[in-house]
Every structure is written in C-alpha cells, then in structure tokens.
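Data block below; observations after.
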Amino acid sequence: MTDKLWHLKSCELFRQLSPEQMGRIEMRSRSRSFAAHSPVYLPAEKADSVFLLTAGLVKVCHLTTDGKESILAFVEPGEMFGELAIFDGDDRDEYVEAIEPAAVLMIPAEVLQQLMAESPGVAMGVTRLVGLRRHRIERRLKNLLFQSNHDRLVHLLLDLAEQFGAAEPGGIRLRVRLTHQDLANLIGSTRETVTVILGRLKAKGVVSGGRRRIVLAKPQALAQSVLRKAPPVPKPGERSDPFFAVC
C-alpha cells in the first residue's frame, strides 16, 4: 500500500469508497511537504484543490485590512482543509501556514465533486465538515462582538479543549502549543491583554501550565464562569474534536 493510499484510507470520509474510487483519488492526488512557518497557500491563489493534512500542524488565517493576522482555525493530521474549493473555484480569501513541518495530500476539487455525486456518504461528510467549521467560526464571531476580552479568552480555551483536549491528572491539556500572541490573534485582542488575563486565571487555579503549555485545571468552573457547558474530558488516546467523526 502506498503512503498516499494509506493516508486516504485513514480518513473516515473515504473508507466507504470502492477500490476503483479510492484508486482514482490516489492517482490524481499529489503529496507535498512544507517547512515550519511556510505558506501552504496564499490569498488570491486559484482554489482548485482540497488538502488532507498527513503530518504536522497548520493554521488557517485571514489578514485584516490593517495587515493584522486573524486565525480562523488550526488543522491536525487526518483533517481536511481548503474544502470550499469544492463549491467555489474562485481565488482563495484565506491563507494557510505550517506551524511546524507539515505534509499534505492535494486532491483536485473536481475529483471530490465527482465522488460527492457518486456517493451520498461522501457528500454528507463534506457538508457536515463545512457546517461544523462554519458553526465554530460563527460562535467565535458572536463572542468577538458581544463578550469582554476575559470572556472571549475563556470561551476560546473551552473551544480549544473541545478540539485539542487531552486528559491528564491536572485537568485537560491543550495538545496545540500556542503563544500569547496566537491566542490574541484568535480573539481579536493584544498579547499584553492575554498575558494579564491568563495570569488572573492561573491565580484563581482554573488554568495552569508554562511556556506555550496550557492546562484547564478546573474546566467545570471555567465553563460556569461564562455560563456554558464544560468540554468533555477525552479518554486516554481519544481525540476530542468532532471533526474526526468525519476525517
């Protein structure tokens, strides 16, 4: 089995396909590698491919009119991104950057369009993926409009725990390692403000951790402070992100 075929079969979205359909994707897809901090694609590039991340970690970003970076999402191995190319072949609006050395499979959008027409399961999986991502971004937008910096950061930590949470004796550890500037870019704030708020949360004992390591020590109390449900604590070895029900 080739590496490309192994990665495709590891994605739940494609497991129901026939050998002929899987071979068609394998034949048309291309493997590419990216160094840390290098772009996977940039705004204004033609949206003609969908990407399956096979190694590393990438972030999906948008540049504001004043040149500031706004992080829309993080993507882990096994997850697809750039999926809007399936529905809209115009130029891309966002850009994607490798946070650490990354590898992807580039699948032509037309191949996935054909598979969606042939397989209702693939069509439903892609639609669910787009819907979940839209829901997550809409929730963050509402927080940006109506919440204080403190509450926006708390909501973000809870969202990240749902997506990247790992159980450990001290609480829920975020598997993605973020700087204070990364957190600020996610909530539309400043690094200094994030540092102050995190310091207060650590003083209360609801958050712990050190350099680029964040643990939700008391996720229930943290969730109650913003009147929302606490994230589920994943079992050892379990990935908490609901996207992985798709990929």
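The values are calculated or read from the model by the stated rules, or taken from the named source; none is laboratory data. Computed from a predicted model, the values in this text were never measured in an experiment. Positions of Cβ are generated from backbone atoms using ideal geometry, with glycine treated the same way; all protein chains shown enter the neighbour counts. Ligands, DNA and RNA are stripped out before the accessible areas are found, and what is left, the full protein with its side chains, is counted by its heavy atoms. Shrake-Rupley method; radii C 1.70, N 1.55, O 1.52, S 1.80 Å.
Annotations
- Springs join every pair of Cα atoms under 10 Å in this Gaussian network model of the chain, and among GLU76, GLU138, GLU100 the largest mean-square fluctuation is at GLU138.
- Relative contact order, whole percent, for the stretch 42-140 stands at 35, derived from Cα pairs under 8 Å and 6 or more residues apart.
- Out-of-range pairs (alpha-carbon distance over 26 Å; input LYS204/LYS229; LYS68/LYS218; LYS59/LYS204; LYS46/LYS142; LYS68/LYS229; LYS4/LYS68): LYS68/LYS218; LYS59/LYS204; LYS46/LYS142; LYS68/LYS229; LYS4/LYS68
- Using the 1.4 Å probe convention, the accessible area of the stretch 108-165 works out to 47 Å² per residue with neighbouring protein chains retained.
- Amide H contacts of VAL50: ILE107, ALA109, each under 5 Å away and 5 or more positions distant or on a separate chain (H built 1.01 Å from N in the peptide plane; Pro and chain starts excluded).
- Sorting the segments 26-33, 150-157, 56-63 by their residues' average number of neighbouring beta-carbon atoms within 10 angstrom, most packed first, yields 150-157, 56-63, 26-33.
- Rounded to the nearest 20, the size of the Cβ-charge dipole of the stretch 147-226 about its Cα centre is 320 debye, with Lys and Arg at +1 and Asp and Glu at -1.
- Global form of the stretch 81-144, assessed from the alpha-carbon gyration tensor, a/c cut-off 1.5: oblate
- Along the axis of the charge dipole computed for the chain (Cβ charges of +1 for Lys and Arg, -1 for Asp and Glu, origin at the Cα centre), the listed residues ALA117, ALA166, LEU57 are led at the positive end by ALA166.
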